[in-house]
Each structure stands twice: as C-alpha cells, then as structure tokens.
Amino acid sequence: MLIAGTGFGGIGTAIELKRAGFTDFTILESAAEPGGVWRDNTYPGAACDIPSPLYSFSFEPNPRWPKRFSHQPDILAYLRRVIAKYGLEPHIRYRAEVTGAAFDEERGLWRVETKSGETTFEANVFVPAVGQLSRPVLPNIPNRESFAGDAFHSARWDHDVDLTGKRVAVIGTGASAVQFVPELRKRAQHVTVFQRTPPYVMAKSDPSYRRWQHWLFEHLPPTQLLGRLRIFLLAEYATYAMTRHPVLAKVFELRTAQLRRRHIKDPELRAKLKPAYPLGCKRILFTNDYLPALAQPDVDVETRRIVEITEKGVRVEDGTEIEADVLVYGTGFAATEFLGRIRVRGLGGRSLEEEWSGGARAYLGMTVPGFPNLFCVYGPNTNLGAGSIIYMIERQARYIRQAVERLARPGVSYLDVLPEVEERYDREVQRRLGRSVWSACTSWYRQADGRVTTNWPGLVTEYDRRTRRFDVADYRVAG
Ligand code: N01
C-alpha cells in the first residue's frame, strides 16, 4: 500500500492500518520532514482554531496540551510524537513528491511516480492524503512581480525578513491573516490590511491548562474526554445552526456585532468590518486579538479595490499608491484543486483530471468509479464549516482499513465503486449543499461555477454513521 502525505490524514490512515496488522505500506512525503500543513504554516501566531482536545486523534488524547487552542509548534510536536510512538518513521520516504499514479488493470496495481523519477513505486492500494488547504495561492493581481521589497505567502513565511520598523501590507483577511496580523503589528512600524470581504469574528475562550489539569487529564482520562465531548457537541450545534437554522445563526451574528462594538470605537472602521453575507458562508474566525489590533493607530484597514502591485506597494482603484516595504499574501489555498498536481490514470487510461473537469467528486469523499483501490483522504466534500477534520480523517481511515481487509481476502484483486452509487451520492450531496449557507457567497468552499466541492453537507455524526461499515455491495469486485 502507498500513502501520499505525512499530515494528519496520511499518519491517521497509516496508524489505522498498522493497528489492524497491515505493515506492508510506504508513506511518500514530498518534504524532508513530516507534518503537512502543520510543518508548512510557521507564520507568527499560527495556531489551530479548533480546540486541541478535539483537534487530536481520539486514541491519542495528549493530556499535556499547553493551551486549549494549541499553537503550530505544539501541534507539530504532537504529530511527531505520534509518528514515533506508532513506529511509522521507517515507513516514510522523504523528498518523494508524487507526480503521477496509473492503474495497471492486469496486475491490479497502482504504479506511482515521484518527481525525482528515480523510483516507481507499486502497490495494490493508493491513498492520496495531500490535504485540501496545502497548495498556497498567490492572487491574480497585475504586476505582482514588480514589487521591489520582500513578498511572501503566509503559508511560506520568510523568517529571514526582519519586519522590525517596516511598513507591511497584508492582502487577505482569512483565518491565517487574523492570526498573524496582531503578531506582525508588534514588530512592524505600520500595517495596512487590504480587506476585500470582512469576515465574521468571534471571541475564543483560550486558557492555558494548569498543572493540576494536566495531572487530572493524565490520571483521570475521562475528565479530558468530557472536555472533548463538550467541544464536539458545540461544533455539531454550530453546524446545525449555520446550515439549517437561520434563527440560531442570528444569535451567533449578534455576538459578532457585540464584539465589534466592544473593540472598535471608530464608527467608520466598524462599518468597514461589518460582513454583508450570511454568517457561516465563509469560515467564522475565532480570535481575541485581531479586532483590538485593527483599532490601533499603526494599523489601517484598506477597503478600496486593489488594481495592481507596484514597485513600491499596492495601487487601489482611485489611483492611490499605498507604499510598503514588505508584502504578505494571506490569500489562501487552491482548495478545489484536489490532489493538486498528481496526474492520476485509472481503468483504460482514463484521467482523473478529466473526470473531475466539472468539479471533484467521490463516493463518501473517498472513491471514484474507474479508479479502483484509490482512496482519497480529506477528499471532495469532506471538509467542515465547524468541527475537527481529524474526526473525519479517522472515519475515512476506518473505512479504508475495512476495504483493505476485503482486498486481503483470496481472489480479490480490486474494488471499483459502482458509477450509480457514486452518482446517487453526489446528487444527494449537491442537492443539500445547494440549499446550504455555503451557496450564498463566494469562498474557497466553491469553485468558479458555484459548485461546493469541499464541504460535507451534514453533521459529522451522519458521516460517522455512513462510513462505519464498508459495504462491498457498493463496489464491483474484480478477481
Ligand atoms: O485563506 P482564506 P486563509 N484581492 O482563503 C483574500 C484553514 N486555516 O489562509 O474573502 C484581495 O480563508 C480573501 O478575500 P475574499 C481554514 O480552514 C485553518 O486565511 O475572497 N483579497 C480572503 O480574505 C481557513 O478557512 C487554521 O474576498 C484577496 C483571503 O484573501 C483556510 O485555512 C488556521 C484576493 C484568503 O482567505 C484558509 O485560510 C489558518 C485578491 N485578489 C487557516 N484573493 C486553523 O486554525 C484572495 N483574497 C486550523
């Protein structure tokens, strides 16, 4: 078996296989170290906006999280510890970026190529676990290359650039920007935040865990489990409110307005920060220091439309040039480009890129007709508007493990999901998404034609139920 990626998806799947007694697998990793997005996103203030008791493997609760919302170094350290504990290191091949995978029907094997081209790997099962939010996007703004100063994307933070005393321009106001803007403001002389769409911002309760709590979690694990359950139920409630219940969503909306009134005294700035789309349509951002940072005299929120990047900074629609020494792009990821640059060929040489030309889709977010024994992790329509993606990853790993068990039976060469099963599933998911809040504005959840290809339409408990048992009747079994 081959897994691509050493983020939570790849590691979670590998552990599930190993715990079931399958040890014949290799994990291909493009970088020289493990960790996925938690290795790559090192911007100042990088943290998880889901509390750690839920943003961790259920079977590895970690009683020693320093804070409720852990920071990137702690999450990366956790993932490394898990890799070591489950003995996964010998399975990982670093600097092996998967570029292509082709299914050999006769032999029932995937042939997987890497960038270096030195080795072609062969395996009966291929599990791409390359994430949805792992390919940074630079915006299509004219003359981007003309900027004379330092410029970088938030997910590729250039720590060699000293921001002390600099004028910094930030483009974007998403989950990443709200974390790094307050931090870089502490060092920079001035920050201009270019905001195209104001986000909904909510406060977060983010205490550091005390020593007695660490002791309790270690010696009485159910106490930590209770905390996990509470966060889980809150996330389910938030999803329910956002997707099905406008009145409940209104309660959240009022709280965001309250927060703006508390932190932003200038009515002009407050008006600029008021979102004009239904709450939940884009990700709600949890932060305690973003709004206070925007209220400072050394921070400007610029809402005039950007027309070009210049040698000295950013030009906006009325011709004004806003000068900067450093440009930071907090402009997000190519979320709807599933599997990124991996060219996948299935039965009869069919191309996955072509199959997905109208938008990525897969049965339960994992399997695609004509691409046997290919199981995506964190694939199409498995992202969450609220809640922990690790919960979803664990359900996918469980399903994949069951498929692998079926494949281990004598005489089974491959499993190919039935086109009608996938078609029925996709129609249902898209019908529900079409009625959901995510169809009410543009965001990274949707592709250009409006189709929501990233998000799961329901509660995570529904996904849990639907993926609990691998039903072989959904598949064509080739001998
Ligand atoms: O990216 P984003 P992100 N001109 O796509 C703006 C996860 N995450 O890196 O809204 C001007 O949300 C764009 O504007 P608009 C999390 O799931 C998780 O911040 O499109 N502006 C927007 O403001 C999150 O949702 C954690 O109008 C332009 C911003 O750039 C996801 O990653 C932490 C523009 C992009 O925001 C992505 O977050 C951080 C242009 N041409 C991130 N193009 C956790 O805690 C884009 N923008 C787990």
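The values are calculated or read from the model by the stated rules, or taken from the named source; none is laboratory data. Please read these numbers as outputs of a predicted model, since none were measured by experiment. For neighbour counting, all protein chains shown are included, and Cβ atoms are generated from backbone atoms with ideal geometry for every residue, glycine included.
Summary of computed values
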item	result
Hey, ALA238 part of a helix (DSSP H, G or I), within 16 Å of the ligand (Cβ to nearest atom) and at pLDDT below 95 or not	yes
First in region 435-458 and in the same structural domain as ARG283 (by the TED database) and among the aliphatic types (A, V, I, L, M), second anywhere and more than 13 Å from the ligand (Cβ to nearest atom) and at pLDDT 95 or above, Cβ under 6 Å, 6 or more apart	none
Any hit, region 42-50, residues being within 20 Å of TYR86 (Cα to Cα), at pLDDT 95 or above and small (Gly, Ala, Ser)	no
Filter result (within 11 Å of the ligand (Cβ to nearest atom) and farther than 19 Å from HIS190 by Cβ) within region 277-307	TYR277, CYS281, LYS282, ARG283, ILE284, LEU285, PHE286, THR287, ARG305, VAL307
Region 32-59 - residue that is part of a loop (DSSP other than H, G, I, E, B), under 13 Å from ASP74 (Cβ atoms) and of a type in the set (A, V, I, L, M, F, W, C) and, of those, farthest from the ligand (Cβ to nearest atom)	ALA46
Filter result for the condition that a residue is surrounded by fewer than 23 Cβ atoms within 10 Å (Cβ to Cβ), at pLDDT 95 or above and of a type in the set (D, E, K, R), over ARG341, ARG345	ARG345
Count of region 273-317 residues which are under 19 Å from PRO182 (Cβ atoms), hydrophobic (A, V, I, L, M, F, W, C) and buried (at least 18 other Cβ atoms within 10 Å of the Cβ)	9
Wholly within region 354-467, helices (runs of 4 or more DSSP H) carrying at least 2 residues that are under 18 Å from the mean Cα position of the chain (by Cα)	389-407, 460-467
Flag for ARG432 being touching a Pro at 6+ places or on another chain (Cβ under 6 Å), surrounded by fewer than 19 Cβ atoms within 10 Å (Cβ to Cβ) and at pLDDT 95 or above	yes
Residues of region 217-235 satisfying the condition of being in contact (Cβ under 8 Å) with a residue 24 or more places away in the chain and more than 15 Å from the ligand (Cβ to nearest atom)	PHE217, GLU218, PRO221, GLN224, LEU225, GLY227, ARG228, PHE232
Conditions (1) surrounded by fewer than 22 Cβ atoms within 10 Å (Cβ to Cβ); (2) touching a residue at least 60 places away in the same chain (Cβ under 8 Å); number of the one not met by SER56	(1)
Strands (runs of 3 or more DSSP E) (entirely within region 105-219) containing at least 1 residues that are within 30 Å of ALA14 (Cα to Cα)	109-114, 120-123, 126-128
GLN189 being within 14 Å of the ligand (Cβ to nearest atom) and within 18 Å of VAL326 (Cα to Cα)	no
Qualifying residues in region 156-186 (those that are free of Cβ contacts under 8 Å to residues at least 40 places away in the same chain and over 19 Å from ALA47 (Cα atoms)) - the one nearest to the ligand (Cβ to nearest atom)	ASP160
Residue in region 418-429 that is under 30 Å from VAL37 (Cβ atoms), touching a helix residue (DSSP H, G or I) at 6+ places or on another chain (Cβ under 7 Å) and buried (at least 17 other Cβ atoms within 10 Å of the Cβ) present	no
Residue within region 95-109 that is modelled with pLDDT of 95 or more, of a type in the set (A, V, I, L, M) and closer than 19 Å to ILE389 by Cβ present	no
Test set (1) modelled with pLDDT under 95; (2) closer than 30 Å to ILE75 by Cβ - GLY411 fails condition number	(2)
